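Report on one structure; see the data block that follows.
The values are calculated or read from the model by the stated rules, or taken from the named source; none is laboratory data. A quick note: this is a predicted structure, and the numbers were derived from the prediction, not measured. In this analysis, Cβ positions are derived from the backbone assuming ideal geometry, glycine residues included, and neighbour counts consider all displayed protein chains. The area values use the complete protein model at the heavy-atom level, side chains included, leaving out ligands, DNA and RNA. Shrake-Rupley method; radii C 1.70, N 1.55, O 1.52, S 1.80 Å.
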Amino acid sequence: MTLADALTRLDYRPAGFLAGHVWLAGAGPGDPGCLTLDVLSALTQADCVVYDALVSDRILAAAGHAELHFAGKRGGKPSTEQEDITRRLIDFARAGRRVLRLKGGDPYVFGRGGEEALALVRAGIPFRVLPGLTSAFAGLAATRIPTTMRGINKAIILATGHAAGTDEDLDWAALAKTGQPIVIYMGLKNLPLIAAALQSGGLPADTPAAVVQQATTPDERVLTATLATLAEEAEKAGIGAPALIVVGHIVSMRAALAGLP
Ligand code: SAH
């Protein structure tokens, strides 16, 4: 059976993209195989795609006739740039276009999707949210780390490392006290700070830890170490963003799950 046959059997009827609507969508972690059918369908129907830096060219190649507009952060003042992006979404929609706002991973996970949705509500623009596979779950699976494992964890914490060391920082000690594994987005730059905070919060220095760079893409790299050594090892190995940090005993399952390709 071909993929086309399977799609027919699914009886998948994509929603029609109406003019003047915005669809806030997640492209997944990078591999086109992680795209949802709804997002793929949206790419074929959109008039314009406003995409973030995390969305790869391979995925944008599936856009039909759409105009492509880059909306990645360029290191300017984030609040102004965010206002520009929402302004653009609203203007395009008011001009009667089918606007696909495409983000890496899932739009509602550390992606400012909620803020953009709120701006659309305030402007009276009709919109839908199309979920994507968030990089934490895809990244763990891609690198043979189970998100939950009976006997190891009963919860999983998704955190952002973006504000580490600032007044708005998370209470890392409180997270450490749960004893549950933590997956940290946007944490690479602040990894030394975060690792130190988790240890002073009570996590043992030898807690297994990993960093996963560009999960599911051809540039994927994974490095395992301990909480105490991860920052130094990642720096030595030249690991770069986008990367996830995983702290907890689920990381130690990697070795047991190795083997078949
Ligand atoms: N909405 C996105 C997250 C955006 S925040 C999602 O659901 O995945 C950006 C952070 O996501 C990056 O700093 C990195 O921590 C993580 N990230 C996104 N894609 C990734 C990938 N392919 N591999 C590793 N980390 C990734």
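Would you kindly identify the strands (runs of 3 or more DSSP E) lying entirely within the stretch 67-169 that contain at least 3 residues that are touching a helix residue (DSSP H, G or I) at 6+ places or on another chain (Cβ under 7 Å) and on the phi < 0 side of the Ramachandran plot? Walk me through how you get there before you give the answer.
Values: elements: 67-70, 99-103, 127-130, 157-160.
Passing ranges, in order: 99-103, 127-130, 157-160.
Can you tell me which residue is farthest from Ser200 (Cα to Cα) among those in the stretch 212-237 that are open to solvent by less than 50 Å² (accessible area, probe 1.4 Å) and not hydrophobic (A, V, I, L, M, F, W, C)?
Top of the filtered list is Thr217.
Could you check the stretch 125-141 and list, in sequence order, the residues that are open to solvent by less than 60 Å² (accessible area, probe 1.4 Å) and over 14 Å from the mean Cα position of the chain (by Cα)?
Of everything in the stretch 125-141, those that are open to solvent by less than 60 Å² (accessible area, probe 1.4 Å) and over 14 Å from the mean Cα position of the chain (by Cα) turn out to be Ile125, Pro126, Val129.
Condition check ((1) touching a Gly at 6+ places or on another chain (Cβ under 6 Å); (2) outside the structural domain of Val49 (by TED's automatic domain parsing); (3) within 12 Å of the ligand (Cβ to nearest atom); (4) at pLDDT 95 or above) across all residues:
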site: Gly76; (1), (2), (3), (4): no, no, no, no
site: Thr80; (1), (2), (3), (4): no, no, no, no
site: Leu102; (1), (2), (3), (4): no, no, yes, yes
site: Val109; (1), (2), (3), (4): no, no, yes, yes
site: Phe127; (1), (2), (3), (4): no, no, no, yes
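Residues Ala209, Ala241: which one is closer than 20 Å to Leu133 by Cβ, of a type in the set (A, V, I, L, M, F, W, C), outside the structural domain of Asp106 (by TED's automatic domain parsing) and out of contact with any Gly (no Cβ under 7 Å at 6 or more places or on another chain)?
One residue alone meets the criteria, Ala241.
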